[in-house]
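Take a look at the structure below.
The values are calculated or read from the model by the stated rules, or taken from the named source; none is laboratory data. Quick caveat, the model's predicted, so the values are computed rather than measured. Every residue, glycine among them, receives a Cβ derived from its backbone with ideal geometry; neighbour counts consider all protein chains shown.
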Amino acid sequence: MRSQLHPGPTERLPEPTRAEREVADLLQIGASAKAARAALDRVPLWFHTFSLDEGSVYTPGVARDHRYRIPALPLDLTGRSVLDVGTFDGFYAFLAEARGAERVVAIDNEQYREWVAARWGVELEGGEGFRTIRELLGSKVAYRRLDAFDLDRLDELFDVIFCFGLLHRVESPLGLLKVLRRRLADGGYVIAETYGVESQLTEGAALRVIEPGEVYARDEFVYWGFSGESLDQLARHAGFAGFELADSPTIDGHPRLIGTMAGE
């Protein structure tokens with residue numbers, strides 16, 4: 001991803017809403033009050049909202065209402081291997097582990113540091129939120145600082161791959177889908193969520209090119225808006241059986257798509 005950071009005023013960090021807390025409550029960390037407060041102080045900006053103790057201390061995640069992703073996630077991942085691509089703080093990777101996944105690998109190239117600096121004026125080292133939650137949980141989720149296009153370095157296959165909020169942020173979505181297909185085990189599938197297109201463009205294989213900063217102020221990382229059919233055709237080009245749309249909600253004025261891509 002390429003960017004030029006915009007100078008000027010930055011957004012205020014939001015407080016977690018009830019919607020974010022409802023998602024966070026799916027993964028009860030159960031830390032002591034002291035450990036929860038120490039975790040808050042340790043990380044200068046949280047992307048995901050986590051429930052750190054018994055429902056009173058939450059991380060102030062900047063990700064807005066992502067409840068619509070939850071129905072697409074398997075309730076039981078017992079014995080499965082899961083790859084979470086673009087994990088950031090790792091909420092979905094840790095949730096997969098809590099739902100029984102035998103092995104979970106979370107990767108991120110940590111380029112979000114530039115996006116966070118541009119949008120909120122906060123400097124991150126990269127991975128500090130993930131490390132903090134992993135420690136609180138005593139988790140075995142493996143973390144790799146790795147670009148999504150370098151996934152072949154992992155040299156292993158996965159039963160389920162999460163690809164949330166990423167396809168619209170890479171310059172070559174087809175190239176990324178081809179990489180994901182190579183990491184998919186027989187009988188496996190990708191759960192993908194990405195930016196959609198406006199209702200008048202949903203018919204046909206529409207692929208919208210988005211202007212820098214058009215979707216979010218001071219965010220030049222959103223390149224594309226997809227229709228379900230455009231994702232289906234891209235998936236087939238990448239070697240999947242296609243894209244099966246699960247939902248197409250509009251979140252805070254932004255169209256989203258979520259669905260699955262199974263191997264042929």
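Descriptive notes on the structure:
- Residues of region 236-251 classified as under 21 Å from the mean Cα position of the chain (by Cα) and in contact (Cβ under 8 Å) with a residue 60 or more places away in the chain, total: 6
- Matching option when the condition is within 17 Å of the chain's Cα centre (by Cα), in a helix (DSSP H, G or I) and not charged (D, E, K, R), among F94, F162, F88: F94
- Identity of the residue in region 17-26, in contact with a helix residue (DSSP H, G or I) (Cβ under 9 Å, 6 or more places away or on another chain) and surrounded by fewer than 20 Cβ atoms within 10 Å (Cβ to Cβ), that ends up farthest from W120 (Cα to Cα): L26
- Annotation: of all residues in region 181-205 being surrounded by fewer than 13 Cβ atoms within 10 Å (Cβ to Cβ) and in a loop (DSSP other than H, G, I, E, B), the one that is modelled with the lowest pLDDT is E203.
Rundown of residues vs (1) at pLDDT 95 or above; (2) within 19 Å of I258 (Cβ to Cβ); (3) in contact with a Leu (Cβ under 6 Å, 6 or more places away or on another chain); (4) not β-branched (V, I, T), yes/no style:
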residue	(1), (2), (3), (4)
R67	no, yes, no, yes
S81	yes, no, no, yes
F88	yes, yes, no, yes
V104	yes, no, no, no
V116	no, no, yes, no
S139	yes, no, no, yes
A142	yes, no, no, yes
L151	yes, no, no, yes
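- Here S139 meets the list (1) within 22 Å of P44 (Cα to Cα); (2) within 16 Å of the chain's Cα centre (by Cα); (3) buried (at least 16 other Cβ atoms within 10 Å of the Cβ) almost entirely, failing just condition (2).
- In the set (1) surrounded by fewer than 20 Cβ atoms within 10 Å (Cβ to Cβ); (2) within 25 Å of V116 (Cβ to Cβ); (3) of a type outside the set (D, E), the condition left unmet by R218 is number (1).
- Considering only residues in region 209-235 that are outside any helix (DSSP H, G or I) and without any contact (Cβ under 8 Å) to a residue 40 or more places away in the chain, the one that is farthest from R169 (Cα to Cα) turns out to be S227.
- Annotation note: of S51, S32, the sole residue that is touching a Phe, Trp or Tyr at 6+ places or on another chain (Cβ under 8 Å) and of a type in the set (S, T, N, Q) is S51.
- Any chance G90 is of a type in the set (G, A, S) and touching a helix residue (DSSP H, G or I) at 6+ places or on another chain (Cβ under 6 Å): yes
- So A206, is it under 23 Å from G242 (Cβ atoms), of a type in the set (A, V, I, L, M), in contact (Cβ under 8 Å) with a residue 12 or more places away in the chain and in contact with a Ser or Thr (Cβ under 6 Å, 6 or more places away or on another chain): yes
- Subset of region 245-264 (residues that are within 15 Å of G187 (Cβ to Cβ), assigned to a strand (DSSP E or B) and not aliphatic (A, V, I, L, M)): T260, G263
- Some residue of region 173-180 being within 24 Å of H66 (Cα to Cα) and outside any helix (DSSP H, G or I): no
- From D147, D152, residue being more than 23 Å from E244 (Cβ to Cβ), acidic (D, E) and surrounded by 15 or more Cβ atoms within 10 Å (Cβ to Cβ): D147
- Residue that is at pLDDT 95 or above and of a type in the set (K, R), where the choices are R218, R256, R236, R208: R236
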